[in-house]
Amino acid sequence: MVPQWSGGGPLGLTLGAVKASPQSQLRLLELADLDAELARLNHRRRSLPEVAELARLEARASELKDEVVITETELSDLAREQSRAERDVEQVRARIDRDRARLDAGQVSAARELATLQSEIESLRRRQGDLEEIVLELMERWEGLVSRRDELATERDRLGTEMTELADRRDAAFTEIDEQAGKANEQRGGVAAEVPADLLKLYEQIRDARGVGAAMLRAGRCEGCHLTLNTVDLNLIRASAPDEVLRCEECRRILVRTPESGL
Ligand SMILES: [Zn+2]
């Protein structure tokens with residue numbers, strides 16, 4: 001795409017249609033400085049380390065939240081399993097008590113029935129032992145999960161504090177940057193008000209396309225791209241009227257003449 005301002009004058013050194021007084025052209029250098037300052041501030045705002053660090057911590061906080069939910073679910077499943085196991089132990093224990101009561105009351109006298117009852121009590125005790133083992137295992141898993149949940153909660157709290165501190169630091173930096181940007185913008189408004197509309201429009205078109213809209217010609221060199229102009233071009237510039245708006249052929253910025261231009 002060829003930007004409309006590239007039409008230029010003879011040899012592409014001038015911008016043709018737009019003419020502006022040397023004073024107006026000098027204003028462009030102030031504008032370029034302020035625009036560079038604003039771009040620096042904008043970049044600083046976007047690349048604050050606090051912003052990246054906060055994003056990292058937020059991602060971790062969201063992971064933590066999921067892990068807490070998983071642990072809570074496991075805990076409630078385990079609680080159900082535990083009470084089922086405890087109920088089973090109770091049932092077996094009650095049956096043993098009943099059988100023992102029958103034995104103690106002397107309700108069973110036949111030798112065969114007695115033997116059956118005693119063997120039932122023995123197998124119930126084994127069953128009770130197995131079930132109690134399960135209850136113990138469940139308790140150990142419960143304790144493990146509870147301490148896992150506590151660790152997650154501690155990390156979540158620590159993360160929360162860290163994020164609050166970071167957000168405070170980020171906001172303080174934002175405030176400082178925005179204050180500086182506010183001042184620069186205000187200054188820029190003042191300078192821009194003194195630049196003729198057509199020149200300002202041209203400057204802004206170039207700035208939007210190239211990043212920087214104007215540069216000083218200092219000692220025969222474009223301060224924007226550091227190209228040293230050849231004698232032919234310098235002679236052309238010397239011959240140009242002061243209100244001619246020039247541009248650097250290399251970086252296409254508006255090239256502003258000053259007493260330091262070496263002409
Ligand atoms: Zn240049």
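The values are calculated or read from the model by the stated rules, or taken from the named source; none is laboratory data. Owing to the predicted nature of the structure, the values given are computational and were not obtained by experimental measurement. Here the Cβ positions follow ideal geometry from the backbone for every residue, glycine too, while neighbour counts run over all protein chains shown. Quick note on the areas: whole protein, heavy atoms, side chains included, nothing else; ligands and nucleic acids left out. Shrake-Rupley method; radii C 1.70, N 1.55, O 1.52, S 1.80 Å.
Take the conditions (1) touching a helix residue (DSSP H, G or I) at 6+ places or on another chain (Cβ under 6 Å); (2) open to solvent by 30 Å² or more (accessible area, probe 1.4 Å); GLU63 misses just one of them, which is (1). Once segment 220-239 is narrowed to residues that are in a loop (DSSP other than H, G, I, E, B) and within 16 Å of LEU26 (Cα to Cα), the residue that is farthest from the ligand (Cβ to nearest atom) is GLU223. The residue list ASP150, ASP88, ASP99, ASP130 contains one member that is open to solvent by 80 Å² or more (accessible area, probe 1.4 Å) and of a type in the set (Asp, Glu), which is ASP130. Residue check: is GLU223 free of Cβ contacts under 8 Å to residues at least 40 places away in the same chain, within 23 Å of LEU41 (Cα to Cα) and surrounded by 20 or more Cβ atoms within 10 Å (Cβ to Cβ)? Taking the combined requirement at face value, the residue satisfies it.
In this structure, does ARG170 turn out to be open to solvent by 30 Å² or more (accessible area, probe 1.4 Å), over 23 Å from the mean Cα position of the chain (by Cα) and within 30 Å of LEU38 (Cβ to Cβ)? Considered against the rule, which asks whether it is open to solvent by 30 Å² or more (accessible area, probe 1.4 Å), over 23 Å from the mean Cα position of the chain (by Cα) and within 30 Å of LEU38 (Cβ to Cβ), ARG170 comes out as no. Selection over segment 75-130 of residues that are under 28 Å from GLU143 (Cβ atoms), free of Cβ contacts under 8 Å to residues at least 24 places away in the same chain and of a type outside the set (Ser, Thr, Tyr) gives a count of 10. Could you tell me which residue of segment 248-263 is modelled with the lowest pLDDT, considering only residues that are open to solvent by less than 60 Å² (accessible area, probe 1.4 Å) and away from the ligand (no atom under 14 Å from the Cβ)? Filtering first and then ranking leaves GLY262. Being within 12 Å of the ligand (Cβ to nearest atom) and under 16 Å from LEU29 (Cβ atoms) holds for only one residue in VAL195, VAL212, VAL245, VAL191, and it is VAL212. Checked against (1) in contact with a Lys or Arg (Cβ under 9 Å, 6 or more places away or on another chain); (2) modelled with pLDDT of 90 or more, TRP5 passes all but condition (2). The set of residues in segment 63-115 being among the basic types (Lys, Arg) and over 60 Å from the mean Cα position of the chain (by Cα) consists of ARG95, ARG98, ARG100, ARG102, ARG112.
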